[in-house]
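Taking it in order: structure first as structure tokens, then the write-up.
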């Protein structure tokens, strides 16, 4: 028996960081069930840990994409941005006409259009461009999302009973992602700017003075708190953010705008990722700005001669 539209069965493709948080919230809000597939199940070294993580949600861990999609009403793709098209290609042969394929990945509008084309060419399922507009931790399924595409209003109606923060922004694939990508120039860019400014100031022994000067210029913002939060995000997620900035740069090029800031932001995000701060701090991240700056000093020491 198919599930009611008010209690749909869900399937996730990609079930790493964001997926379980969104899935848990949707189950608590009344979704009938969750099935999940992730590449981690294909690797014997990660299979058991990932399976346990999925079951704790609780979600049914599936060995293949086809198995995950078989009974689902709504599919949510939450893979990494560079795998969004690959995920859609893997799912397309197994989709049915009564299914919605929601692509939540942070990738360029052009890639979303290609993914939609793959889904539509091989199935009668409906593809929806979804842009996740804030961090999922702490918000779960209530994180603000923008929807676009011919089936966006249908998807919004089916998701409405779960108390999600959803806005339909257009009927063309790529409209939601364009908003996300343009916003990321600022949101990821301000992280890179703060990092570069404060690391330089720290090396010169004037970090407190620089931060105090910024605070004096923009007194309505708690800059120490903001910097602590964003440096923590870079320490934990710099690599993923750098990869996302590749999609931002692609978006700007498609709009005939040279992505100077986006490219530089991606490079600074990757620079932080390559310092290995995630391994040092673990999932909690640095507690203070000083912790972050000290870790950068330790990790970025040039090799000693002799």
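The values are calculated or read from the model by the stated rules, or taken from the named source; none is laboratory data. Every value quoted in this text rests on a predicted model; they were computed, and no experiment measured them. Quick reminder, even Gly has a Cβ in these numbers, built from the backbone with ideal geometry, and neighbours come from all protein chains shown.
Every condition in (1) surrounded by fewer than 18 Cβ atoms within 10 Å (Cβ to Cβ); (2) on the phi < 0 side of the Ramachandran plot holds for residue 164 except the one numbered (1). Out of the residues in the stretch 197-210 that are out of contact with any helix residue (DSSP H, G or I) (no Cβ under 6 Å at 6 or more places or on another chain) and in a helix (DSSP H, G or I), which is farthest from residue 269 (Cα to Cα)? Once the filter is applied, the top-ranked residue is 209.
Over 20 Å from residue 286 (Cα atoms), touching a residue at least 40 places away in the same chain (Cβ under 8 Å), in a helix (DSSP H, G or I) and not assigned by TED's automatic domain parsing to the domain that holds residue 105: does that describe residue 245?
Spelling it out, residue 245 is indeed over 20 Å from residue 286 (Cα atoms), touching a residue at least 40 places away in the same chain (Cβ under 8 Å), in a helix (DSSP H, G or I) and not assigned by TED's automatic domain parsing to the domain that holds residue 105.
Against the condition out of contact with any strand residue (DSSP E or B) (no Cβ under 9 Å at 6 or more places or on another chain), surrounded by fewer than 19 Cβ atoms within 10 Å (Cβ to Cβ), assigned to a loop (DSSP other than H, G, I, E, B) and at pLDDT below 95, how does residue 303 come out, does it pass? Step through it out loud before you land on a result.
Values: out of contact with any strand residue (DSSP E or B) (no Cβ under 9 Å at 6 or more places or on another chain): yes; surrounded by fewer than 19 Cβ atoms within 10 Å (Cβ to Cβ): yes; assigned to a loop (DSSP other than H, G, I, E, B): yes; at pLDDT below 95: yes.
Spelling it out, residue 303 is indeed out of contact with any strand residue (DSSP E or B) (no Cβ under 9 Å at 6 or more places or on another chain), surrounded by fewer than 19 Cβ atoms within 10 Å (Cβ to Cβ), assigned to a loop (DSSP other than H, G, I, E, B) and at pLDDT below 95.
Being closer than 18 Å to residue 66 by Cβ, touching a residue at least 40 places away in the same chain (Cβ under 8 Å) and more than 16 Å from the chain's Cα centre (by Cα) is the requirement here; does residue 98 meet it?
Numbers: closer than 18 Å to residue 66 by Cβ: yes; touching a residue at least 40 places away in the same chain (Cβ under 8 Å): yes; more than 16 Å from the chain's Cα centre (by Cα): yes.
The answer is yes for residue 98.
Quick one: residue 158 ticks every box in (1) part of a helix (DSSP H, G or I); (2) under 19 Å from the mean Cα position of the chain (by Cα); (3) not assigned by TED's automatic domain parsing to the domain that holds residue 257 except a single one, so which number is it? Answer for residue 158: the failing condition is (2). Of the candidates 221, 214, the single residue that is in the same structural domain as residue 285 (by TED's automatic domain parsing), modelled with pLDDT of 95 or more, at negative phi and outside any helix (DSSP H, G or I) is 221. Look at (1) at pLDDT 95 or above; (2) over 22 Å from residue 18 (Cα atoms); (3) outside any loop (DSSP other than H, G, I, E, B) and you find that residue 257 fails only one, number (3).
The sole residue among 291, 208, 250, 202 that is more than 25 Å from residue 184 (Cβ to Cβ) and touching a residue at least 40 places away in the same chain (Cβ under 8 Å) is 202. Within the span defined as the stretch 148-160, one or more residues are at pLDDT 95 or above and within 25 Å of residue 262 (Cα to Cα).
Of all the criteria given as (1) touching a strand residue (DSSP E or B) at 6+ places or on another chain (Cβ under 7 Å); (2) touching a residue at least 40 places away in the same chain (Cβ under 8 Å); (3) surrounded by 24 or more Cβ atoms within 10 Å (Cβ to Cβ); (4) under 23 Å from residue 164 (Cα atoms), the one not satisfied by residue 91 is (4).
Counting the residues of the stretch 134-157 that are buried (at least 17 other Cβ atoms within 10 Å of the Cβ) and touching a strand residue (DSSP E or B) at 6+ places or on another chain (Cβ under 7 Å) gives 9. Against the condition under 26 Å from the mean Cα position of the chain (by Cα), in contact (Cβ under 8 Å) with a residue 12 or more places away in the chain and either surrounded by fewer than 17 Cβ atoms within 10 Å (Cβ to Cβ) or not in a helix (DSSP H, G or I) (or both), how does residue 282 come out, does it pass? No; evaluated as a whole, the condition is false for this residue. Within the stretch 264-279, the set of residues being more than 13 Å from residue 236 (Cα to Cα) and surrounded by 15 or more Cβ atoms within 10 Å (Cβ to Cβ) comprises 264, 265, 266, 268.
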